[in-house]
Structures are given as C-alpha cells and as structure tokens.
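Here is the structure we will look at.
The values are calculated or read from the model by the stated rules, or taken from the named source; none is laboratory data. Predicted, not measured: the structure shown is a model, and the values here were computed from it. Note that we place each Cβ from the backbone using ideal geometry, even for glycine, and neighbour counts take in every protein chain shown. Just so you know, the surface numbers come from the protein's heavy atoms only, side chains and all, with ligands and any DNA or RNA stripped out. Shrake-Rupley method; radii C 1.70, N 1.55, O 1.52, S 1.80 Å.
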Amino acid sequence: MTARDPGTYRGVAEAGWRWVLDQVRWDDGPWIPTTGSTTGSTTGTAASPGSDLPPTDRDGLHSGIGGLAHTLAEIRATRPWTAEEHRLADGIADRIRRVVPDETDCSYFDGLGSAVGVLTALDAPGVETAVARLAALATPEGWPQTVVGPPRFLPDAHLHDVTLGTAGVLLAALWAGRRSVPGGRALAEHAAAVLMAEAEVLPTGTNWRFVPERYNPGYGQMPNFSHGLAGIAAALACAGTELGRPDLVDAARAGAEHLVTLGDASGAGLVVPRTIPPTTKDEDDLTHNWCHGGTGTSLLFLALDRAGVAEVAGADPLSWQRRCLHGVRASGLPARLYPGFWDNDGRCCGTAGVGDVFLDSWHRTGEEDDLAFAVRLGDTVLEHAVLDGPHAYWRFVEHRAEEPSLPPGVGWMQGATGIAAFLFHLARTLGDGPSYAVARLDNWWALPAERSHPDGATPA
C-alpha cells in the first residue's frame, strides 16, 4: 500500500472540486458545461463549442447538476459545507423540484430516477413528487424513453436496464421506499411486474435484455451492470428483499445462473463479455469497469447475498463477487497496456468508478486486498491529474484522435465531479476524517447492513 499521506488525496479532491465549482453557471438555476475550461481562469469559461448555453441534460446525474449533489454528499461526510456549497445545494434542489412536474425522461442517468437520487443525496424535500410523476408516466410495458427508436428499433421500444429503463425506476422506487416516501412501494411493485413479464426463461436460467427482442429481433446484448442482465437481476434481488417477495429473489438468482454461463470462470475470476455477440467496431470485447465489466457486475452478487441466496451455479454469491473483483485486478488496469485500453479515469467507464466499488467492498468486509487496490487506483488518478493553480482536472485519452487528450469533463460519470468524490472517499477511508461510505441509489445494498448514518452514509 502507498505511504502517501491521506491529505494528498484530499488536497487533489479539493482542487478538482474547486475546478468544478468554477465551471458552475447560473441561468434559471445552476448548470455546468459538459467540458470545462483549461485556461487557468476561474470564470468558468468553457472549452466546449456551444457551452455558453445549458446542455439538454443539464439536470441529470450523468453530466449535469445532479452529479454535483452526489459529490456534495461525499463532502458532507468529510467536512461541513461552505456557504458557496450550501447555495449550490439549495440551487440544485430548487431546480430539480421545479422541473420534475413536467419531466418525461424517467431514467436514472438523466430523468426522474436521477431526481430521486439527487434530492435524497441533498436530504431535500420533493422526492414524493418525483415518485408520483414516475407513477403517472407508467405503462403496462414500462416507461417512455427517447434514447432508441427507428430505424434501428421498432417504434415504442421500451428499455429495461438500470441506467435508462425499468430497472432504474425500480431502484429509484426502492430507494424512495426505504425513506418511507408515499407511493414508493406501489411504484416498485409495478416496475417489478414489468420486468417479470419481460423475463426470458432459458435452459441456463433467466435472461433480461436492454431492449426486448420483439422491438428488434437479433439485436445483441450488453449483459453487465449498466445496460443488461446483471443490473436488472440486481434490482430484482433488492426488490425481493425490500418488498418481501421471494419470487423476485428466485428470478434474480436465475438471472445470475444464466449470467455465469455467458462469462469466463475458468480461472479464479469471472469475466463477462461487454457485448454478445462481440462488437464489429474497433473496441475491446472485454472491459472491467462499472458499466460493462466485472466491477459493476459484482454488485449483482452482493444483492443476492443480501437477499439470503445461498448458492448460484454451485457457489455462494460472495464467492462470485470475489471472482468478479479478481477478474478486475487481474486485467492489468489501471495500466494503459495498449492504445485504447483503460484510457478513462471517470466513474462510468474508468478508474474512479472501479476504485469506489473496491472501497465499498472494503467497508463491507475489511478485505485488505480491496483497500490496497483502491489505493493503487487513487495513485493513478493523482498521476493523471492536471494541476493548474488552485485547480485539478482530468483529460481522458482517445488514441485514434489527432489530439488524443480529450477536453476535461466536468460531471459525475465522465468528469472531475465524480473523480473528486472518489478521492474524498479514499482520503476519509485512509484516515482524513471519519471512514464512511456514502449510500446512494446505486450502491446501498453493497454497504454494511443495519449501520446507517444520518447523512446517508454508513460507517466502516
């Protein structure tokens, strides 16, 4: 493990967050550009074309102000908010409450699911309005979406994954229900019913697709957490526990049984392909991140363990979780082994997201290997940081571009907001403040059970 002082991680976290704060603009509430300034200015002048206007996803978790709320929750577990941060938190909550009544995006990344996570992260009122809006938009086949459609998919295609579709609504409903928000349980029951109706019972178990095959026969699958089977089964396992529904737990276990057959478990790990069949694009068949790799897929097995499942494909769920994490460690990341491998430091597709899952695992079990790997990832994030006066930011790499260093992202999933949150978490864990893992809509079941913290964190 590194001998680096925890304050070093905290210092770069604060510098990254300072850079984010200096990108915040105000126009009908706060907003941030997708990419930010690299000029050293603190005026928030953006580097991306057209970024003088708020982007269409200005309010969401993925790249909008919703992500800032989650870093504010990390900071609140580390130190008191400043006056500037209080103003930002109030502005985010006010903006989200104002847009919820007319919102039609139901996703966890950018819509009403995001709103549930944001308002709870800020301990702000209004979650019941987001839940009611999701209930009002529900159809027998799920929730409306605008991400996929003709000509690639048939009209009115419904999505059922964690980040854009039904499983994300289910997690939002469960998260609201855990806070006794009216309507949360009924919303969760409807989302679970939609997913159960979409189950594909196979000889190897049960499968769920991102887009049901009837909307585009022959379309491939992304079976890991973000857009596929692992995330959907995890949501169902959580629902089975929260709603007292053994049938949902059984369905989730059957999903895990099928998932194992899709991957490689020949050694000590479990690695599931990013796409099935393999993509024809110039992209790796395997990755190891939160969205499409073993990092995110490990969360399924923690949900099954919490639900009391004793066995999946001949082993207990925690054994499969450890296999997933072993596959991540054995992949070679965070080294950039060849052009195109591990060129991302963010939460969705890169180092910060992996590091946070390993930290959460350490909070849960105390496995020293998990903490050691998280520290290694934190060191890599520090090495990749661009330090610019009071600021820090990160430029990911696109090796096929003429200028391979991409503009620095600002938001939660692909930018400094999410990376800074990981570094705050790591610094706390190593001794710079109380060692808390902050519970969120997408990780609560992976944290130590029955040890809650009033600010939405759980003590190690």
Q. Quick one: in segment 390-448, which of the residues that are part of a loop (DSSP other than H, G, I, E, B), touching a Phe, Trp or Tyr at 6+ places or on another chain (Cβ under 6 Å) and open to solvent by less than 20 Å² (accessible area, probe 1.4 Å) is farthest from Ser37 (Cα to Cα)?
A. Leu441
(Q) under 19 Å from Ile419 (Cα atoms) and over 20 Å from the mean Cα position of the chain (by Cα): which single residue out of Ala307, Ala335 fits that description? (A) Ala335
Q: Being open to solvent by less than 10 Å² (accessible area, probe 1.4 Å) and not small (Gly, Ala, Ser) is the filter here, so list the residues in segment 300-317 that pass it.
A: Leu300, Phe301, Leu302, Leu304, Val312, Pro317
Q: Of all residues in segment 109-167, count the ones that are farther than 24 Å from Leu229 by Cα, open to solvent by 30 Å² or more (accessible area, probe 1.4 Å) and part of a loop (DSSP other than H, G, I, E, B).
A: 3
Q. If the Cβ limit is 8 Å and pairs must be 6+ apart or interchain, which residue in segment 434-460 that is within 20 Å of Gln321 (Cβ to Cβ) and basic (Lys, Arg) pairs with which residue that is in a loop (DSSP other than H, G, I, E, B) and modelled with pLDDT under 65?
A. Arg440/Gly456
Q: Kindly indicate whether Thr275 is open to solvent by 20 Å² or more (accessible area, probe 1.4 Å), among the hydroxyl-bearing types (Ser, Thr, Tyr), within 24 Å of the chain's Cα centre (by Cα) and closer than 28 Å to Asp356 by Cα.
A: yes
Q) Taking segment 190-217, which residues are open to solvent by less than 10 Å² (accessible area, probe 1.4 Å) and within 18 Å of Thr279 (Cβ to Cβ)? A) Val211
**Q.** Among (1) modelled with pLDDT under 95; (2) open to solvent by 50 Å² or more (accessible area, probe 1.4 Å), the one test that Gly366 misses
**A.** (2)
Q: Report yes if Ala268 is in a helix (DSSP H, G or I) and either under 25 Å from Arg322 (Cβ atoms) or modelled with pLDDT of 95 or more (or both), otherwise no.
A: no
Q: Filter segment 218-237 down to residues that are touching a strand residue (DSSP E or B) at 6+ places or on another chain (Cβ under 7 Å) and open to solvent by less than 10 Å² (accessible area, probe 1.4 Å) and give me whichever is farthest from Ala191 (Cα to Cα).
A: Pro223
Q.
Against the condition surrounded by fewer than 24 Cβ atoms within 10 Å (Cβ to Cβ), without any contact (Cβ under 8 Å) to a residue 60 or more places away in the chain and either among the hydroxyl-bearing types (Ser, Thr, Tyr) or in contact with an Asp or Glu (Cβ under 6 Å, 6 or more places away or on another chain) (or both), how does Ser180 come out, does it pass?
A. yes
Q. Would a scan of segment 132-146 turn up a residue that is under 30 Å from Arg87 (Cβ atoms) and under 16 Å from the mean Cα position of the chain (by Cα)?
A. no
Q. For segment 210-227, which residues satisfy the criterion of being modelled with pLDDT under 95, under 26 Å from the mean Cα position of the chain (by Cα) and either not hydrophobic (A, V, I, L, M, F, W, C) or not in a loop (DSSP other than H, G, I, E, B) (or both)?
A. Pro212, Glu213, Tyr219, Gly220, Gln221
Q. Just checking, which of Gly355, Gly327, Gly314, Gly350 is modelled with pLDDT of 95 or more, touching a Phe, Trp or Tyr at 6+ places or on another chain (Cβ under 6 Å) and not hydrophobic (A, V, I, L, M, F, W, C)?
A. Gly355
Q. Which residues, taken from segment 196-209, are closer than 18 Å to Ala307 by Cα and either part of a helix (DSSP H, G or I) or modelled with pLDDT under 95 (or both)?
A. Met196
